[in-house]
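Worksheet for the structure shown next.
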Amino acid sequence: MNRPATVYVTYIASTLEKVWHALKDAEFTRQYWFGGSIISDWRVGSSVQFTAKDGAIGWQGEVLAADEPHILSYTFHMQISEDHKAESPSRVTFELEDVQGVVKLTLTHDQLEAGSKTFETTHYGWAAIISSLKSVLETGRPLPFARFGFAPSQREGTA
């Protein structure tokens, strides 16, 4: 059975250094992760976790690679429900490349289990998060999303 993965590519009118900082700085991540922050010292083997603005831990993992300013990778283990906690950790990798004066950011979320609740939860959320990151870096303002993603069952009603 094929294992699911998310690959998201965008181009950001910024520098490698600014995008790298935006991915790693806890204060900066609050701007585009909807008030939550990603906390780590970013050394290989160190812990990394997302803490929501209410203090709940949304996911946690371990830093796998931090090759400034090109590769940032960590394991990703969601903590939002018992079903998510029961799954094996997956992997998130950000690749940054200068392309004609703009940054090409490629996000790959892989090593997910077939039928993964984590994939179901994050697949739509990554686009919202990366789009908000792009907006903050280019305009100084995050996108006005009230939540992470827009899964098909969430499209009806409030956004």
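The values are calculated or read from the model by the stated rules, or taken from the named source; none is laboratory data. From a predicted model like this one, the values you see are computed outputs, not experimental measurements. Cβ sites come from the backbone with ideal geometry, for glycine too, and all protein chains shown count toward neighbours. Areas reflect the complete protein model, heavy atoms only, side chains present, ligands, DNA and RNA absent. Shrake-Rupley method; radii C 1.70, N 1.55, O 1.52, S 1.80 Å.
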Pairs where the first residue, in segment 13-32, is free of Cβ contacts under 8 Å to residues at least 40 places away in the same chain and under 15 Å from D67 (Cα atoms) and the second is open to solvent by 30 Å² or more (accessible area, probe 1.4 Å) and of a type in the set (A, V, I, L, M, F, W, C), C-beta under 8 Å, 6+ apart: H21/F28
Whichever residue in segment 116-140 is touching a residue at least 40 places away in the same chain (Cβ under 8 Å), open to solvent by 30 Å² or more (accessible area, probe 1.4 Å) and of a type outside the set (V, I, T) and, among such residues, is farthest from V44 (Cα to Cα): E138
Within segment 32-46, tally of residues that are surrounded by 14 or more Cβ atoms within 10 Å (Cβ to Cβ) and at pLDDT 95 or above: 5
Segment 91-137: number of residues that are over 14 Å from L23 (Cα atoms) and of a type in the set (K, R): 2
Those residues of segment 78-115 which are outside any loop (DSSP other than H, G, I, E, B), surrounded by 15 or more Cβ atoms within 10 Å (Cβ to Cβ) and free of Cβ contacts under 8 Å to residues at least 60 places away in the same chain, in sequence order: M78, H84, S90, R91, V92, T93, E95
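Looking only at segment 1-25, count how many residues are outside any loop (DSSP other than H, G, I, E, B), aliphatic (A, V, I, L, M) and surrounded by 14 or more Cβ atoms within 10 Å (Cβ to Cβ).
Residues meeting the conditions: 5.
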Qualifying residue in segment 66-74 (condition: farther than 15 Å from A26 by Cα, assigned to a helix (DSSP H, G or I) and within 13 Å of the chain's Cα centre (by Cα)): no
